[in-house]
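Handing you this structure, nothing more for now.
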There are 2 protein chains.
Amino acid sequence: MKLNAADESFAALLRTRLPEGVVRDIEPRYLDEPRGRYAGKAGVLAAPRTVEEVSTLVRCADEACVPVVPYGGGTGLVVGQVKPDGPAPLVVSLERMTAIRGIYPDENVLVAEAGAILADVQAAASGANRLFPLSLAAEGSCRIGGNLAVNAGGVNVLRYGNTRDLCLGLEAVLPNGDIWHGLSRLRKDNTGYDLRNLLIGSEGTLGIITAAALKLSPVPVGVGTAMMVVPSADAALALLSMARDQVGEGVSTFELIHGQGLAFLSEVLPMVRQPFDHRPEWSILIELGLAEGLDPTAALERLFEAGLERDLVSDGVIAQSEAQRADLWNVRENIPEANRLVGSIASHDISVPISLIPAFVAEGQRRIAELGGLRINCFGHLGDGNLHFNVYPPQGENRADFSGVKAQVTRVVHDLVQEMDGSISAEHGIGRLKVAELERYGDPVKLAAMRAIKTALDPRGIMNPGAVLAVAG
Amino acid sequence: MKLNAADESFAALLRTRLPEGVVRDIEPRYLDEPRGRYAGKAGVLAAPRTVEEVSTLVRCADEACVPVVPYGGGTGLVVGQVKPDGPAPLVVSLERMTAIRGIYPDENVLVAEAGAILADVQAAASGANRLFPLSLAAEGSCRIGGNLAVNAGGVNVLRYGNTRDLCLGLEAVLPNGDIWHGLSRLRKDNTGYDLRNLLIGSEGTLGIITAAALKLSPVPVGVGTAMMVVPSADAALALLSMARDQVGEGVSTFELIHGQGLAFLSEVLPMVRQPFDHRPEWSILIELGLAEGLDPTAALERLFEAGLERDLVSDGVIAQSEAQRADLWNVRENIPEANRLVGSIASHDISVPISLIPAFVAEGQRRIAELGGLRINCFGHLGDGNLHFNVYPPQGENRADFSGVKAQVTRVVHDLVQEMDGSISAEHGIGRLKVAELERYGDPVKLAAMRAIKTALDPRGIMNPGAVLAVAG
């Protein structure tokens, strides 16, 4: 269906239906995205305070056939939050719906509005002596509704799952403006289709999440963190297996770091303290969170000893203080920023079955080498089979000169992912950036089912059009 | 759309399209259900061996507008597996698709066909030194495809989640006969809508699951089991909180048992050894599964001591051998069978927010008492907020004489559930048994979305018609 731009007359209509302050002029910051490659069309901005106001906004848009773009923290990496083409949208920002509606420590549940900043959700949980384990680089500015919309991953997925695994219930506005009151605190509820998981990860194309009941966990009593040098990605995987044999679910984080990332840090963020004098080709960051009665430092030492015996590690640093722990995390957490400062030709957020990771890394390096002396920074969530496989120009050269090879690089990487039954978007989503890639690699039966569901729930196609699925016609 | 019965001419058509042995005469056992209250219409039975054969069957049914009932182990408790009304169906039994297609211990993944018996999946995992944690009374005969179709719960949900939380990927045949190859072993995959979770729990109304990639866990090194006498459901909840503070995720099972269940056991299954000489009004079964280095017996003793100090427990038995452990589990696992032998007026599979469990139990008892001297056996998965709240005639009376009060009993229980924002089906599903209840209590916006999705994916309404959603017209 043909959509209409959110223009001044639409804004005027909204102003008659909504309290003062909800409908606003759109500022440039709502039209940017973190990679700076796309600019959103400037339509109308609305900042509702209640789910009822969100409902009114969506209902008006549905009636007027105006596209709606839900807006969280604006930190998404796949251009789901700005609409660069077609009619200018109504941008619905959740920034004024930030309440923590309730905390139920005995139930390990917290209910937050969609606009709550992830770090604030973590802090609220922490204040009740509970852990909200979702943790990722943008946690200081991303909003929980956006995390849910893209089913964000992060550094604790190994132990606690993806965002969808941390959600018990949702309140949401569907594309026709109806409010779904699904804010359940239940652990078990088998009454019909799983609308919650359908909305989670649908990137705003099936509705707007306005609040969520989130699962909390006990705070691990003893936390231990280490970086260890490993001879290969293969060894890293074997070390992870060993760690899980030793401490079971106690392994919270297991991140792979390539020397290229450390080199980038030295180059563009020299203030970040690195743990090793030399620059290891491969290292890992491991964090254990153990129950009462277990000593995480001793467990890490035991892992290191056992790893040494089997040639799975060659060097290591176990944090002896909170400051040292922060230093180790700083290395990992600053790699994305270093990447950004260096500037990639193409970046990829891929996953493969965990046991294929070493083969993926080796074969990916081999195929990219065929394209010339490009540099690869391959790092990420080894324990989840999820790597960021980013490709950079040779040292000293400018990425602008490599724009011609960008498509080819991505083709090489994604073809390999496909060969290994992997995913071309492990944790970032599809947004608008990867729609063509999804069309190319996605299972056609699944895509057809997705289109049927989209049409069923959003027959006019107003919700975040162009994201996830190509707009027809 | 009007459906046609699976008659002899349809069977003849199927025989021309499928290898010998797939299409069969239907035996009476496919038309029964465990509660013995409904009899399925006798149509045609098919027992395919491959997903391609399932696809052919569904395509033929779609073309002929013949209803399809997927059939697993036949153990479901909500009449999803037999179709008592309307045109006789094609029953597609997965009993010949029982292969374990692969085990990947390093990935903690197992791929099983839908017809694999749950106990066989558990055993295959165990053979690879891994745990497949789904565990429920019917595990010796239920099939994993059925477990997925209803999102089964069981005794380990507290720690490991519901069946949906144990599934990474699916292979399934959609209502048009298309095969979705979604058998992903990935931990992270954000490429579009969550079709997996949509199919899980849809009770065969959106397609037939033919295989699944299942998540395995490390086998806990030290397992400890105990029954403890608690003064109230409230105390049981406080004890659970204490247990989780002490051992974190190590609490695998926390089941509430009412004295009425123990009385039923004494009455109809006297060979089941009970741990206490007296018959406590409330007791709990707890199981810990701990990592290396922790002593589960010591942890249970510590919990008992701490509980004693705060008047949360008054007596207890900690299993000192595998035989004693089996005895304690026998008590819990035989309660459903004792219930069946006694014969309930009405049984309910409800959940409420965990902290409301004590209030639910007290208020439920109070309201049922107003209906006369009915007996209640209230037991189940306290840690999940999921109780089976079953109501029986007074001692010595016959349930047949109470059929007039059955609807009233259920109304009282489900009204209370609704008041507490609970669920009228926590782990058994809706099937055909609870369709009217779902219509009554379900969120209308969710129901409308469900109907839209059903129509989008199954426009002729052939897949398990009458289950979950009422058949229109």
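Residues of B:194-204, mean number of Cβ from any other protein chain within 10 Å of their own Cβ, rounded to a whole number?
What the average comes to for B:194-204 is 5.
State in Å² the accessible area per residue of segment A:127-188; use a 1.4 Å probe, count heavy atoms of protein chains only, and round to the nearest integer.
Ligands and nucleic acids excluded, the result is 25 Å² per residue.
Please name which of A:Tyr30, A:Gly373, A:Thr75 has its Cα lying farthest along the dipole of chain A towards the positive end, using unit charges on Cβ (Lys, Arg +1; Asp, Glu -1) and the Cα centre as origin.
A:Tyr30
Between A:Glu63 and the same site in the other copies, what are the distances in nm, shortest first, taking label points 7 Å from Cα along the C-beta direction?
Counterpart label points of A:Glu63 in the remaining copies fall at 4.8 nm.
What is the local net charge at B:Val109, summed over the other residues whose Cβ is closer than 15 Å to its Cβ (Lys, Arg +1; Asp, Glu -1)?
0
Now for a different question. Shortest first and in nm to one decimal, what separations exist between B:Asn129 and its copies in the other chains, measuring from label points 7 Å along the Cα-to-beta-carbon line?
3.7
Under the rule of -39500 (n - 2.57) per DSSP H run of 4 or more residues, summed and divided by the residues of the protein assembly as shown, what mean residue ellipticity at 222 nm is obtained, to the nearest 500 deg cm²/dmol?
-10500 deg cm²/dmol
Next question. Let me spell out the model: positive unit charges on the Cβ of Lys and Arg, negative unit charges on the Cβ of Asp and Glu, origin at the Cα centre of segment B:220-342. What dipole size does that give, in debye rounded to 20?
Dipole magnitude for segment B:220-342 comes out near 260 debye.
Residues of B:449-461, mean number of Cβ from any other protein chain within 10 Å of their own Cβ, rounded to a whole number?
Counting other chains' Cβ atoms within 10 Å and averaging over B:449-461 gives 5.
Now for a different question. Give, rounded to the nearest 20 debye, the magnitude of the charge dipole that the protein assembly as shown has about its Cα centre when Lys and Arg contribute +1 at Cβ and Asp and Glu contribute -1 at Cβ.
My answer is approximately 2280 debye.
Are there GluC sites (Glu not before Pro) in segment B:18-61 that DSSP marks as loop and that have at most 12 other Cβ atoms within 10 Å, and which are they?
Answer by residue number: B:Glu20.
Taking beta carbons within 10 Å but only from partner chains, what does the mean come to for residues A:432-438?
1
Taking the Cα centre of segment A:100-218 as origin, work out the dipole magnitude from +1 charges on Lys and Arg Cβ and -1 charges on Asp and Glu Cβ, in debye rounded to 20.
Dipole size: approximately 260 debye.
A further question follows. Note the buried accessible area between A and B here, summed over both chains, with a 1.4 Å probe, in Å² to the nearest 100.
So the total buried area for this chain pair works out to about 6500 Å².
Given axes a ≥ b ≥ c from the Cα gyration tensor, I'd like to know whether segment A:1-105 is rounded (a/c under 1.5), prolate (a/b larger than b/c) or oblate.
Here segment A:1-105 falls in the oblate category.
Hey, got a sec? Which trypsin sites (Lys or Arg not before Pro) in segment B:283-340 land in a DSSP loop and have at most 15 other Cβ atoms within 10 Å?
Answer in residue order: B:Arg310.
Copy-to-copy spacing for A:Arg399, label 7 Å out on the Cα-to-C-beta vector, in nm, shortest first?
6.8
Moving on to the next point. So which of A:Lys2/B:Lys2; A:Lys188/B:Lys446; B:Lys2/B:Lys41 end up more than 27 Å apart, counting from Cα to Cα?
Beyond 27 Å: A:Lys2/B:Lys2.
While we're here: Going by average Cβ neighbours within 10 Å, how do the peptides B:177-184, B:11-18 rank, with the highest at the top?
Highest to lowest by the protection proxy: B:177-184, B:11-18.
The values are calculated or read from the model by the stated rules, or taken from the named source; none is laboratory data. Quantities reported herein were computed from a predicted structural model and do not represent experimental measurements. All Cβ positions, even for glycine, are placed from backbone atoms using ideal geometry, and neighbour counts span all protein chains on display. When the accessible area is computed, the model is the full protein with side chains, heavy atoms only, and any ligands, DNA or RNA have been set aside. Shrake-Rupley method; radii C 1.70, N 1.55, O 1.52, S 1.80 Å.
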